[in-house]
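Notes for the one structure printed next.
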Amino acid sequence: MEHTAIYQLYSNVKSINENHDGSFTAYDQDMNEVSGIDMSAVNTKATELQTEADAEKQSKIDLKASAKAKLIAGEALTEDEAN
């Protein structure tokens, strides 16, 4: 999620290399190194993105369980459940 966070926070970043020590080096479209990446902000954004992804995943699991229960009970499904 760190890469996605960097791309979202820094629109001038076009590529990222992960270094052996776990740090990142970001580059612009001309392959110039982008300095001033605030890793604290990146980590915060990455946590937000992970929380959103986890919530979406859980929502799909819940929707599937609801659809299955309705099918077993012979009830009509919502459009979301049918999809």
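The values are calculated or read from the model by the stated rules, or taken from the named source; none is laboratory data. Computed from a prediction, not measured in an experiment: that's the story for all the values here. When we count neighbours, we look across all protein chains shown, and the Cβ atoms used for this are built from the backbone with ideal geometry, even at glycine. For accessibility, only protein heavy atoms count, side chains too; no ligands or nucleic acids. Shrake-Rupley method; radii C 1.70, N 1.55, O 1.52, S 1.80 Å.
For 28, 38, give the ranking by accessible area with the largest first, probe 1.4 Å.
Greatest to least solvent exposure: 38, 28.
What FRET efficiency comes out for the pair residue 11/residue 64, r = Cβ-Cβ distance, R0 = 30 Å, nearest 0.05?
The formula returns an efficiency of 0.25 here.
Relative contact order for the chain: what is it in percent, counting Cα pairs under 8 Å that are at least 6 residues apart?
Value for the chain: 23 percent.
Suppose only helical runs count, i.e. DSSP H with n ≥ 4. What mean residue ellipticity at 222 nm does that imply for the chain under -39500 (n - 2.57) per run, divided by all residues and rounded to the nearest 500 deg cm²/dmol?
-18500 deg cm²/dmol
Just the number please: accessible area per residue for the chain, 1.4 Å probe, all protein chains included, in Å².
Result: 74 Å² of accessible area for each residue.
Over the chain, with a single point scatterer placed on each C-alpha, what log10 of the ratio I(q)/I(0) does the Debye formula yield at q = 0.11, 0.13, 0.19, 0.27 1/Å?
Results for the chain at q = 0.11, 0.13, 0.19, 0.27 Å⁻¹ read -0.49, -0.57, -0.80, -1.22.
Taking amide H positions as placed in the peptide plane 1.01 Å from N, state which residues far from residue 24 in sequence (5 or more) or on other chains have amide H under 5 Å from it.
Long-range HN contacts for residue 24: 19.
Would you work out what percent of the accessible area of the stretch 15-83, with all protein chains in place, is carbon or sulfur (probe 1.4 Å)?
The C+S portion of the solvent-accessible surface of the stretch 15-83 is 48 percent.
Could you sort 23, 11 by their accessible area in this structure, using a 1.4 Å probe and putting the largest first?
11, 23
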